[in-house]
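The values are calculated or read from the model by the stated rules, or taken from the named source; none is laboratory data. Only a predicted model underlies this, so the values are computations on that prediction, with no experimental measurement involved. For neighbour counting, all protein chains shown are included, and Cβ atoms are generated from backbone atoms with ideal geometry for every residue, glycine included.
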Amino acid sequence: MLQTCNLTNVQLAQKAAEIRKTLLNMVYAGKTGHTGGALSSADILTVLFYKILRINPENPKWVDRDRFILSKGHCVEGYYSILADLGFFPKEELKTFSHYNSRLIGHPSIKVPGVEMNTGALGHGLPCAVGMALGARMNKQDVKVYCLMGDGEQAEGSVWEAAMAASNFGLDNLTAIIDRNHLQISGNTECVMKLESLAGKWEAFGWDVYSVNGHNYEALVNLFESPVVPGKPRLVIAETIKGKGVSFMENNAKWHHGVPTAEQLEQCMSEIEAAREVEAYE
């Protein structure tokens, strides 16, 4: 059985707001978390899991499921929030995030239903996604593979080895996404390790490259649902805002990793809820 939520764009916005509130409560309760990147990628994850991916929470290992790899594994909070919301495991378990003996550790773990592989060492996700896409083709399976990376992660050499391999094997069942929020733990990406022209680099490696507003549900859905170019893997550069949805976290490298105070958490909830009420009527 396929997981088909088929949410409207307004419903996707409502769901993303819910996910943002949940992940912030997780970070507060766990006293740890990569807050900024979890917030910047929340809309991308919401579109993928509630509109695009063929999955089945009742059968997480369904052989013909689409595969999703969170290569930027440190931003796991939104991922866990969505898996629990879809029924892969009880929502109550989210309260144990980063607690002693919890399986909900600070990076994706295969002990958690719905997680395809352990990630966290940056640069590992895309090589494994390439292997999954190639394996699906060899097995003649109609399976699509999606891999979400960070922009700071683009400094890892293994990313480019995988990019070269995916193009070489013509893996048009593979979509890689870059959460392009322009900030990593030590500052702006262009100050730490220049990436631009990022699109030009991926095009030179033989990928079909697109740039999109990573917070625009209609644009994301239209792109993910559009036909692929035969014989070419797809690369989506999703322009996002680090800390999206919370004014004092947005575009602030300090919140790459950080735990809000009780007062700050209350402000987070208020701002996200206010934005959700506006989006509901757009």
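Quick check on residue 35: is it under 25 Å from residue 183 (Cα atoms), of a type in the set (S, T, N, Q), crowded, with 24+ Cβ neighbours inside 10 Å and touching a residue at least 12 places away in the same chain (Cβ under 8 Å)?
The answer is yes for residue 35.
Just to check your reading of the model, which residue among 200, 231 is on the phi > 0 side of the Ramachandran plot and at pLDDT 90 or above?
Selected residue: 231, the only one of 200, 231 that is on the phi > 0 side of the Ramachandran plot and at pLDDT 90 or above.
Somewhere in the stretch 6-23, is a residue surrounded by fewer than 21 Cβ atoms within 10 Å (Cβ to Cβ), in contact with a Gly (Cβ under 7 Å, 6 or more places away or on another chain) and in contact (Cβ under 8 Å) with a residue 12 or more places away in the chain?
No, the stretch 6-23 has no match at all.
For the stretch 228-268, which residues satisfy the criterion of being out of contact with any Leu (no Cβ under 6 Å at 6 or more places or on another chain) and charged (D, E, K, R)?
Residues satisfying the conditions are 232, 234, 239, 250, 254, 263, 266.
Kindly list the number of the only condition in (1) buried (at least 21 other Cβ atoms within 10 Å of the Cβ); (2) at pLDDT below 95; (3) hydroxyl-bearing (Ser, Thr, Tyr) that fails for residue 50.
Against the list (1) buried (at least 21 other Cβ atoms within 10 Å of the Cβ); (2) at pLDDT below 95; (3) hydroxyl-bearing (Ser, Thr, Tyr), residue 50 comes up short only on (2).
Conditions first: (1) under 23 Å from residue 56 (Cα atoms); (2) surrounded by fewer than 21 Cβ atoms within 10 Å (Cβ to Cβ); (3) among the hydrophobic types (A, V, I, L, M, F, W, C). Residue 174 passes all but one, so which condition is the exception?
For residue 174, the failing item is (2).
Every residue, every condition in (1) outside any helix (DSSP H, G or I); (2) under 17 Å from residue 231 (Cβ atoms); (3) at pLDDT below 95; (4) touching a His at 6+ places or on another chain (Cβ under 9 Å), yes or no:
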position: 128; (1), (2), (3), (4): no, no, no, no
position: 131; (1), (2), (3), (4): no, no, no, no
position: 134; (1), (2), (3), (4): no, yes, no, no
position: 148; (1), (2), (3), (4): yes, no, no, no
position: 166; (1), (2), (3), (4): no, yes, no, no
position: 170; (1), (2), (3), (4): yes, yes, no, no
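For the stretch 239-278, which positions are closer than 28 Å to residue 98 by Cα and hydrophobic (A, V, I, L, M, F, W, C)?
241, 246, 248, 249, 253, 255, 259, 262, 265, 268, 269, 272
Only one of these is touching a residue at least 60 places away in the same chain (Cβ under 8 Å), within 24 Å of residue 261 (Cα to Cα) and β-branched (Val, Ile, Thr): 47, 76, 27. Name it.
Values: 47 fails: within 24 Å of residue 261 (Cα to Cα); 76 fails: touching a residue at least 60 places away in the same chain (Cβ under 8 Å).
Result: 27 is the single residue among 47, 76, 27 that is touching a residue at least 60 places away in the same chain (Cβ under 8 Å), within 24 Å of residue 261 (Cα to Cα) and β-branched (Val, Ile, Thr).
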